[in-house]
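Asks: I have a structure I would like to understand better, so I am pasting it below and will then ask my questions one at a time.
The values are calculated or read from the model by the stated rules, or taken from the named source; none is laboratory data. This one's a predicted model, so the numbers in the text were calculated from it and none came from an experiment. Here the Cβ positions follow ideal geometry from the backbone for every residue, glycine too, while neighbour counts run over all protein chains shown. Please note that ligands, DNA and RNA were not included when accessible areas were found on the heavy atoms of the full protein model with its side chains. Shrake-Rupley method; radii C 1.70, N 1.55, O 1.52, S 1.80 Å.
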Amino acid sequence: RLFSLEMGLSASLSDWNQLHTESDVKGPLQHFTDLKKDYIVFADQYHVYVINRKGETRIAINEILEKAPNASIAFESGAETSLSRFITTDVDGILKEIYLDGHVVSSETYGKRSAQHYFIADDIDEDGNLDYIFIDENKIDAYSHTAKKMFSYSTDETLTNPIVKDIGNGKKICVSESKNGKVYVVNPDGSLYKGFPIDGKSYYDLFGDSKVEKGFNLIVGGERNLLYNYTIK
């Protein structure tokens, strides 16, 4: 498909090339910068694309890769350029590491998932390495970068819309479920944050509040088109 993009980068629109993908682009575009190079990353049905700020191919990935539609793409800069890589999952939940020379390493260490699973790579234990978080149906599984199981958390309902937030007192994994209209906040050890789940029927966000010691706020839509602002201690 014909693809174009306006970005708040130094390149002008006249510098931007039109890019043709093989099918419709799935999911949001993500932008990373490493060693003064820009990487704009996105996927269509069977390919992952990595381009520069001019719309030119930055990394040629020849392998067919059917990225899971709900999987985000993370970037981890290595101690050497050859170790830097993008990380995502395919529709089977297989971890895919895309290196800067274009080669792809697959890992089934973390098991297989449904095609609609969510994947996030984030340093939730704040040890300087990315951890891998899988949300599939009613379950959250988190693994360290060494493939050690950190925790599993499950509930009775299907979990969606996960985010990881650093709210000033540590990373939190947040998910929602629409059947009962609830938002969950899970600690890095897999325990449910005190007082959760709470009512919420829309996309949501969390942010730290310096006025609340070791606390944060959660904003979410609720009943009768009201906007809820929870203060969590």
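Asks: What are the residue pairs meeting all of these: first residue in region 112-138, first residue at positive phi, second residue assigned to a loop (DSSP other than H, G, I, E, B), Cβ atoms under 7 Å, and 6 or more apart or on different chains?
Replies: Within 7 Å, the pairs are 137/114; 137/158.
Asks: Another question, then. Kindly indicate which of 95, 83 is surrounded by fewer than 17 Cβ atoms within 10 Å (Cβ to Cβ), touching a Phe, Trp or Tyr at 6+ places or on another chain (Cβ under 9 Å) and either within 28 Å of residue 172 (Cα to Cα) or of a type in the set (Gly, Ala, Ser) (or both).
Replies: None of the others qualify; the one that does is 83.
Asks: Going by the structure shown, is residue 30 out of contact with any Phe, Trp or Tyr (no Cβ under 8 Å at 6 or more places or on another chain) and of a type in the set (S, T, N, Q)?
Replies: Criteria not met by residue 30.
Asks: Still on this structure, I have one more. When the residues of region 62-100 are narrowed to those that are in a loop (DSSP other than H, G, I, E, B) and of a type in the set (S, T, N, Q), which ends up nearest to the chain's Cα centre (by Cα)?
Replies: In this case the residue turns out to be 72.
Asks: Further question: Which number in (1) in a loop (DSSP other than H, G, I, E, B); (2) in contact with a strand residue (DSSP E or B) (Cβ under 8 Å, 6 or more places away or on another chain); (3) open to solvent by 30 Å² or more (accessible area, probe 1.4 Å) marks the one condition that residue 105 misses?
Replies: (1)
Residues are listed down the side, and each one gets a yes or a no for (1) under 26 Å from residue 125 (Cβ atoms); (2) in contact with a Pro (Cβ under 9 Å, 6 or more places away or on another chain); (3) at pLDDT 90 or above:
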residue: 169; (1), (2), (3): yes, no, no
residue: 183; (1), (2), (3): yes, yes, yes
residue: 193; (1), (2), (3): yes, no, yes
residue: 201; (1), (2), (3): no, no, yes
residue: 204; (1), (2), (3): yes, no, yes
residue: 208; (1), (2), (3): yes, no, no
residue: 212; (1), (2), (3): yes, no, no
residue: 221; (1), (2), (3): no, no, yes
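Asks: Surrounded by fewer than 16 Cβ atoms within 10 Å (Cβ to Cβ) and closer than 24 Å to residue 30 by Cα, is that true of residue 121?
Replies: So residue 121 does not fit the description; no.
Asks: Let me ask something additional. If you check 176, 202, which single one turns out to be touching a residue at least 12 places away in the same chain (Cβ under 8 Å), out of contact with any Phe, Trp or Tyr (no Cβ under 7 Å at 6 or more places or on another chain) and not aliphatic (A, V, I, L, M)?
Replies: Sole residue among the options that is touching a residue at least 12 places away in the same chain (Cβ under 8 Å), out of contact with any Phe, Trp or Tyr (no Cβ under 7 Å at 6 or more places or on another chain) and not aliphatic (A, V, I, L, M): 202.
Asks: Looking at region 159-170 only, could you name the residues that are more than 19 Å from residue 232 (Cα to Cα) and either in contact with a Phe, Trp or Tyr (Cβ under 7 Å, 6 or more places away or on another chain) or surrounded by 16 or more Cβ atoms within 10 Å (Cβ to Cβ) (or both)?
Replies: Listed by number, the residues that qualify are 159, 161.
Asks: For residues in region 208-220 being open to solvent by less than 30 Å² (accessible area, probe 1.4 Å) and assigned to a loop (DSSP other than H, G, I, E, B), which is nearest to residue 134 (Cα to Cα)?
Replies: Only one residue tops the list, namely 215.
Asks: While we're looking at this one, here's another question. Of all residues in region 94-112, count the ones that are small (Gly, Ala, Ser) and over 17 Å from residue 148 (Cα atoms).
Replies: Selection size over region 94-112: 2.
Asks: Please go through region 171-196 and pick out each residue that is among the hydrophobic types (A, V, I, L, M, F, W, C) and open to solvent by 30 Å² or more (accessible area, probe 1.4 Å).
Replies: 192
Asks: Next question. Could you grab the pairs with beta carbons closer than 7 Å, sequence gap of 6+ or different chains, first residue in region 56-75 and within 29 Å of residue 124 (Cβ to Cβ) and open to solvent by less than 40 Å² (accessible area, probe 1.4 Å), second one of a type in the set (Asp, Glu) and outside any strand (DSSP E or B)?
Replies: So the pair list comes out empty.
Asks: For region 197-207, how many residues are over 24 Å from residue 69 (Cα atoms) and either of a type in the set (S, T, N, Q) or open to solvent by 40 Å² or more (accessible area, probe 1.4 Å) (or both)?
Replies: Total satisfying the criteria: 3.
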